[in-house]
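Please read the structure below before turning to the comments.
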Amino acid sequence: MAKHAAKENVQVPVKKTRMFKGLIITMIVVLMLGGVGSSALGLLMWKYDYDYDKEFSYVSAAMQIRDELNAPDELKAESCSAMGSAYANLGEYEQCLAYNEVCLKLRIKHFGELHQSTANAYFEVGVAYSYLREPEKYFEFTSKGLEIMKQLYQDKHPDTARGYNNLGDAYLDMCQYDKALECFHEAIRIICHT
């Protein structure tokens, strides 16, 4: 019995390695078919390697390919969001904010105000302001994103919980601890019921 359990423990990493290689191969094929997957490939490489320069190069390549192919606004917004994340990982928060703001404009143009992608773009802009230590702006953009989520899903979606969590962070940054605690409790309540 113990030999069987040890054998299972050895096989699990092999399966994970195969799965990871399969994901990489899939992302490379998607990249070759038009650059749509290179943003995801960059994020995947970051997740497994924590190599921010490598992440940045893949995300930049995706953006360049999408620009050359005159991709629709929805895909350009995805690239801008990925570039914002890549710049944040490199500690270049002004650039992060710039790309997140472009992403927000593109998502409003493509989806309108009342859409989950637009709400998430508001969250991303807010987080960029958090990195820049501007809690009032963080609060402002997070509040806008949260209001959209509440209109779309009420309190029945993980992204609504994300909005409450970010709002709690903004309150913490502004030293409003009671309000922060209320937001964190609401985020936990939503996650437990979704």
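A few points about this structure:
- The helices (runs of 4 or more DSSP H) falling completely within the range 52-140 that include 3 or more residues that are among the polar types (S, T, N, Q) map to 52-68, 73-89, 116-131.
- One residue stands out among those in the range 155-194 that are open to solvent by 80 Å² or more (accessible area, probe 1.4 Å) and aliphatic (A, V, I, L, M): the one that is farthest from residue 117 (Cα to Cα), which is 181.
- Checking each residue in the range 86-126 for being open to solvent by 10 Å² or more (accessible area, probe 1.4 Å), at pLDDT 95 or above, under 14 Å from the mean Cα position of the chain (by Cα) and aliphatic (A, V, I, L, M) picks out 97, 104.
- Any chance residue 127 is in contact with a Cys (Cβ under 9 Å, 6 or more places away or on another chain), within 20 Å of residue 187 (Cβ to Cβ), in contact (Cβ under 8 Å) with a residue 12 or more places away in the chain and of a type in the set (A, V, I, L, M): yes
The values are calculated or read from the model by the stated rules, or taken from the named source; none is laboratory data. Quick caveat: nothing in here was measured; it's all calculated off a predicted structure. Glycine gets a Cβ as well: all are built from the backbone with ideal geometry, and neighbour counts include every protein chain shown. For accessibility, only protein heavy atoms count, side chains too; no ligands or nucleic acids. Shrake-Rupley method; radii C 1.70, N 1.55, O 1.52, S 1.80 Å.
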